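The values are calculated or read from the model by the stated rules, or taken from the named source; none is laboratory data. Here the structure is a predicted model, which means the values were calculated and not measured. Every residue, glycine as well, gets a Cβ built from its backbone with ideal geometry; the counts of neighbours run over all protein chains shown. Note: accessible area is taken over every heavy atom of the protein model, side chains too, but ligands, DNA and RNA are not part of it. Shrake-Rupley method; radii C 1.70, N 1.55, O 1.52, S 1.80 Å.
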Amino acid sequence: MFQLDIILKKGNNLAIRDRTGTSDPYVKFKIGGKEVFKSKTIFKNLNPVWDERVSLLVETLREPLYVKVFDYDFGFQDDFMGSAQVHLESLEHQRILDLTLDLGDPQYPDQDLGTIDLGITLSPKDGDIRETTMLTGKSWKRSSKNQSMRLSDVHKKSQLWRGIVNIGLIEGRRLKAMDDNGQSDPYVRFRMGHQKYKSKVLAKCLNPQWREQFDFHLYEEQGGYIDITVWDRDQGRRDDFMGRCTIDLSTLARERTHKLDLPLEDGAGVLVLLVTLTATSAVSISDLSVNALDNPYERHQIAQRYGLMRSLINLKDVGMVQVKVLRAEGLMAADVTGKSDPFCVVELSNDRLQTQTVYKNLSPEWNKVFTFNIKDIHSVLEVTVYDEDRDRSADFLGKVVIPLLNIQNGVRKAYALKSKELTGPTKGVIFLEIDVIFNAIKASIRTINPIEQKYIEGESKMSKQLLLQNFNRVRRCVMVLINAGCFINSCFQWDSPQRSICAFVLYVLVVWNFEIYMIPLVLLLPLVWNYLLIASGKDTRQDVQAVEDLLQDVDDDFDKDDKDPKPGSWDDGGLPESHILQDILASWHFEWIRVMVDSERKGFMDKLYAIQDVCVSVQNALGEVASYGERIKNTFNWTVPFVSWLVVVALGVACILLYYIPLRYMLLAWGVNKFTKKLRSPYSIDNNELLDLLSRVPSDVQL
């Protein structure tokens with residue numbers, strides 16, 4: 001094994017690809033046909049400075065490192081700007097080499113396309129495998145069983161983490177002003193190896209209050225480094241760099257919280273963080289013959305650890321899940337030989353483990369046991385099967401997503417594999433046996449706390465299909481309210497005398513006898529009614545076919561290899577004949593015109609980026625509104641019984657408290673708590689318990 005550390009420094013005199021006489025270059029690194037790194041895009045610059053670092057773990061030096069440069073084009077296929085290669089066998093070990101690579105185009109070998117400056121260090125890896133990007137099994141001889149076992153050992157050693165690093169991003173102080181108005185729109189990026197997080201953007205402030213939490217996996221006994229950078233968000237152009245700092249975890253004591261005031265290098269200001277290092281023992285990979293839950297004594301010990309008597313000890317340790325990945329049958333043939341080289345990846349939130357690869361087999365047997373800590377009982381277990389390929393990235397074969405609350409303990413089941421979007425089946429089944437042990441009280445407390453964020457994923461992009469889908473979802477929610485209003489109005493209009501008389505009598509009785517405790521009691525009624533309907537065999541939850549109809553028009557608008565979304569006409573998709581939709585599109589068109597007028601002095605691409613940001617914001621806002629409406633409906637429909645029971649208990653307690661305690665006393669207690677919270681706990685993470693609870697209920701699309 002070799003560790004390859006690369007510093008992408010800058011480009012010189014790169015090729016012009018845009019009409020404005022410039023380019024928007026970014027760089028890709030590839031080894032053995034697999035993309036292992038993609039840089040950020042530098043807009044309107046033929047001499048870009050990236051200054052980015054990446055560490056790769058490679059198993060052979062026979063495959064060269066390919067460096068490819070592209071020009072980013074919004075709405076079109078990205079333009080090729082040149083490529084070069086570095087022969088790893090020729091590099092001297094454990095020495096920093098500064099390289100200047102001449103870019104070329106095989107079709108036009110005489111054309112001068114500029115140069116790229118790199119810094120490369122190649123080091124043999126004999127001991128611990130650090131946080132690096134792994135390239136698995138590209139040039140290993142697949143028929144060698146011993147080599148497969150060695151690769152499996154490497155995977156096992158590199159996958160298991162030894163602890164959790166909890167980062168509380170509290171605030172920034174005296175940050176640098178980057179905008180013309182004397183303010184900034186700051187956000188923070190965290191990186192530890194392949195783990196990355198991005199905070200929310202706070203507009204127009206130099207002393208931002210983020211109050212967010214992030215968890216990193218700690219793989220090394222002696223610690224590691226977390227790189228932190230602060231950026232100013234700019235619409236339509238590259239974000240401005242505001243400063244950086246680093247946390248050396250080896251200097252921090254375990255099992256305690258450290259308050260750090262970190263001054264920013266290459267910038268101005270201070271970041272205030274709370275950092276906690278905790279150990280973890282429940283994460284493991286073992287063979288089928290060795291697992292804890294098959295031993296009655298160990299199973300009893302684990303059950304006691306998550307018993308009700310220990311409900312207030314270590315609230316973040318909600319439970320544990322054990323996944324037996326047994327075998328698969330009838331998988332898709334991904335290779336030209338009619339076979340596949342399948343391996344299985346098991347994910348729970350940000351925790352990720354994988355099996356060994358079984359070569360040339362459509363019915364592989366893995367017989368592995370994976371154990372995870374449960375931090376949120378509402379997490380979903382994702383099991384994905386891939387085909388390992390020597391000369392390109394792994395091929396997707398199928399996927400299964402199982403909510404932890406839907407698991408039947410100790411039952412061996414065959415799950416049909418689905419597509420990436422989970423909208424339809426693919427070929428093959430996978431056999432799993434899963435056990436979940438958790439503490440219900442800890443799980444309930446965790447439900448009203450912020451949900452764990454996923455590692456940084458791709459930025460949201462404009463999609464006509466997704467925009468129309470979100471609009472239709474919002475329209476469905478609005479129509480429910482409109483229909484309810486029409487029903488109430490019909491009672492006033494005496495469209496049905498019997499209904500109006502009943503409504504009038506009910507109204508008089510309720511108003512005459514109204515007490516404040518009746519509000520939660522009224523909210524309990526639809527929950528009880530739907531529960532009785534479900535218990536009697538009448539499922540009030542949504543029809544599966546309706547969800548499929550909702551998702552049938554969702555297409556993948558983006559080519560995943562060097563392409564961006566193709567331009568499309570707003571008319572070719574057959575928009576619904578709706579005056580409401582036409583009004584919304586007209587308002588967006590007005591917004592686009594306003595953006596263009598405001599940015600009259602900017603270039604054409606700046607205007608295009610501004611339009612894209614407006615569309616993406618509207619698309620995401622519609623999705624958020626629709627999701628919350630659907631989650632409220634699904635809460636009352638008992639889609640997630642755990643959450644619905646939690647709501648029943650909360651409403652029942654509220655009803656009792658309001659009955660016995662005057663409202664003024666409860667409002668007084670609530671106000672005192674809110675006003676003194678900052679004084680009692682100045683670095684606490686703010687949250688909204690109601691929204692956090694709703695975030696645990698799936699929307700119709702997720703469902």
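Computed on the Cα atoms alone, the convex hull of the range 178-233 gives a volume of 86 cubic angstrom per residue. For the range 282-353, the Kirkwood hydrodynamic radius comes to 15.6 Å, computed from all pairs of different C-alpha atoms. Per 5 Å bin, what percent of the C-alpha pairs of the range 1-87 does each bin hold, from zero upward? Bin by bin from 0 Å, the calculated values are 3, 14, 25, 23, 16, 11, 6, 2, 1, 0. Overall size of the range 212-310 from C-alpha positions, given as principal axis extents largest first: 59, 32, 29 Å.
Distances longer than 19 Å among the Cα atoms of the range 187-266: what percent of all pairs is that? Beyond 19 Å sits 43 percent of the P(r) for the range 187-266.
Cross-linked pairs K176/K198; K34/K461; K442/K538; K28/K200; K418/K461: Cα-Cα separations exceed 30 Å for K442/K538. A convex hull fitted to the Cα coordinates of the range 315-363 yields 87 cubic angstrom per residue. Note on the range 410-478: Cα convex hull, mean projected area over all directions, 8.7 nm².
Beyond 14 Å, what share of the Cα-Cα pairs of the range 479-532 is found? Please give it as a whole percent.
Cα-Cα pairs of the range 479-532 separated by over 14 Å account for 68 percent.
Overall form of the range 250-407: oblate. Here a/c, set by the Cα gyration tensor axes a ≥ b ≥ c, is 1.5 or more, and a/b is not larger than b/c. From the Kirkwood radius over Cα pairs of the range 643-703, Stokes-Einstein at 25 °C and 0.890 mPa s returns a whole-number translational diffusion coefficient of 172 µm²/s.
Annotation note: chymotrypsin sites (Phe, Trp or Tyr not before Pro) in the range 356-418 located in DSSP loop regions with a Cβ neighbour count of at most 14 within 10 Å are absent. Within the range 12-55, what whole-number % of the accessible surface is contributed by carbon and sulfur, with the 1.4 Å probe and all protein chains included in the calculation? C and S atoms contribute 45 percent here.
Quantify, in whole percent, the carbon and sulfur part of the accessible surface of the range 66-121 (1.4 Å probe; protein heavy atoms only).
45
Along the charge dipole of the range 235-290, Cβ charges K/R +1 and D/E -1, which of V290, A253, Q235 sits furthest on the positive end? Farthest towards the positive end: Q235.
Taken about its Cα centre, the range 157-248 carries a charge dipole of roughly 100 debye when the Cβ of each Lys and Arg holds +1 and the Cβ of each Asp and Glu holds -1. Please grab the % of Cα pairs in the range 423-532 that end up more than 20 Å from each other. Counting pairs separated by more than 20 Å, the tail of P(r) holds 77 percent. Taking the average, over residues, of other Cβ atoms within 10 Å as the packing measure, peptides 204-216, 96-108 rank 204-216, 96-108 from highest down. For the range 1-41 and the range 313-389, what is the separation of their Cα centres, given in Å? Computed from Cα coordinates, the inter-centre distance equals 33 Å.
For a test of the definition: using alpha carbon positions, the gyration tensor, and the 1.5 limit on a/c, classify the range 354-478 as rounded, prolate or oblate. In terms of gyration-tensor shape, oblate. Note that the range 224-352 presents 48 Å² accessible area per residue, ligands and nucleic acids not counted, probe 1.4 Å.
Taking only protein heavy atoms and a 1.4 Å probe, the accessible area of the range 295-436 is 51% carbon and sulfur. Which shape class applies to the range 454-514: rounded if a/c is under 1.5, otherwise prolate when a/b exceeds b/c and oblate if not, where a ≥ b ≥ c are the square roots of the Cα gyration tensor eigenvalues? Oblate, because a/c is 1.5 or more while a/b does not exceed b/c.
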